Amino acid sequence: MASEADKNAIREINHLITKMKSAWSSGHLNELTHYFHDAMKIVSPDLQVLGGGKDACVQSYIDFLDKAVVHDFSDEIANIYVFENTAIAFYRYNISWTMDDKTHQETGQEVYTFNYHQGR
């Protein structure tokens, strides 16, 4: 059973993920710098590093939205696990977009790792 501290952490992480999704989906991409760690990595489904570092990861969102028109995005938080000062969040998503006159549909999952560090 989750402790009260873990339950609070789960609520905070859900809120943080909601703010991150809101930032990118509303085009306020520079807000992502508040949420991404300097050593953040974006890893593809085949486990290849697509971007490394906060600035490069934010730029990948900017590049995508400069070229794509997102038609639909939906997601659901699947699980959040808390281990002392670290948490792992998994969520599933569906997205459809048009890029270069071609429409794409993708279903996938994201994995975020969070670490409570120096009061944040």
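Within the stretch 35-62, can you find the residues that are acidic (Asp, Glu) and closer than 20 Å to residue 93 by Cα? I'd like the intermediate steps shown before the answer.
If we filter the stretch 35-62 for residues that are acidic (Asp, Glu), which is where we start, we get 38, 46, 55.
Of everything in the stretch 35-62, just one residue is acidic (Asp, Glu) and closer than 20 Å to residue 93 by Cα, namely 46.
Read through the list (1) at positive phi; (2) in a strand (DSSP E or B), then give the number of the only condition that residue 76 fails.
Here residue 76 meets the rest and fails (1).
Suppose the filter is under 14 Å from the mean Cα position of the chain (by Cα) and either touching a residue at least 60 places away in the same chain (Cβ under 8 Å) or part of a strand (DSSP E or B) (or both); does residue 60 pass it?
So residue 60 does not fit the description; no.
For residue 39, all conditions in the list (1) at pLDDT 85 or above; (2) under 15 Å from residue 80 (Cβ atoms) hold save one; what is the number of the exception?
Answer for residue 39: the failing condition is (2).
Kindly provide the set of residues from the stretch 6-30 that are under 25 Å from residue 106 (Cα atoms) and either in a loop (DSSP other than H, G, I, E, B) or among the charged types (D, E, K, R) (or both), ordered by number.
Result: 19, 21, 26, 27, 28.
Applying the selection to the stretch 11-30, what residues are farther than 21 Å from residue 76 by Cβ and either at pLDDT below 90 or exposed (fewer than 14 other Cβ atoms within 10 Å of the Cβ) (or both)? Break it down into steps so the answer makes sense when it comes.
Let us first name the residues in the stretch 11-30 that are farther than 21 Å from residue 76 by Cβ, namely 27-30.
If the condition is that a residue be farther than 21 Å from residue 76 by Cβ and either at pLDDT below 90 or exposed (fewer than 14 other Cβ atoms within 10 Å of the Cβ) (or both), then 27, 28, 30 are the ones that fit.
Identify, please: which residue in the stretch 64-78 is out of contact with any Leu (no Cβ under 8 Å at 6 or more places or on another chain) and under 17 Å from residue 20 (Cβ atoms) and is, among those, modelled with the highest pLDDT? Explain how you work it out, then say what you get.
As a first pass, look at the stretch 64-78 and keep what is out of contact with any Leu (no Cβ under 8 Å at 6 or more places or on another chain): 64, 66-78.
Right, trim to under 17 Å from residue 20 (Cβ atoms) and you get 64, 70, 73-78.
Working: 64: 91, 70: 94, 73: 91, 74: 91, 75: 89, 76: 87, 77: 77, 78: 73.
The extreme case among them is 70.
Of all the residues that make up the stretch 107-120, how many are aromatic (Phe, Trp, Tyr) and either in a strand (DSSP E or B) or modelled with pLDDT of 90 or more (or both)?
Initial filter on the stretch 107-120 (aromatic (Phe, Trp, Tyr)): 112, 114, 116.
Cutting the leftovers down to either in a strand (DSSP E or B) or modelled with pLDDT of 90 or more (or both) gives us 112, 114.
Residues that pass the stated criteria total 2.
Filter the stretch 31-79 down to the residues that are loosely packed, with under 11 Cβ neighbours inside 10 Å and not aliphatic (A, V, I, L, M) and list them by number.
Hits for the stretch 31-79 are 38, 44, 45, 46, 48, 66, 72, 74, 76, 79.
If I go through the stretch 84-106 residue by residue, how many of them are loosely packed, with under 12 Cβ neighbours inside 10 Å, in a strand (DSSP E or B) and modelled with pLDDT under 90?
0
Taking into account only those residues within the stretch 31-49 that are outside any helix (DSSP H, G or I) and among the β-branched types (Val, Ile, Thr), which is farthest from the chain's Cα centre (by Cα)?
Taking the stretch 31-49 and keeping what is outside any helix (DSSP H, G or I), we get 35-49.
Next, from what is left, pick out any that are among the β-branched types (Val, Ile, Thr): 42-43, 49.
Details: 42: 9, 43: 11, 49: 15 Å.
Per the stated criteria, the residue is 49.
The values are calculated or read from the model by the stated rules, or taken from the named source; none is laboratory data. In this text the structure is predicted, and so the values were computed from the model without any measurement. Using ideal geometry, Cβ is built from the backbone for each residue, glycine included, and neighbour counts are taken over all protein chains shown.
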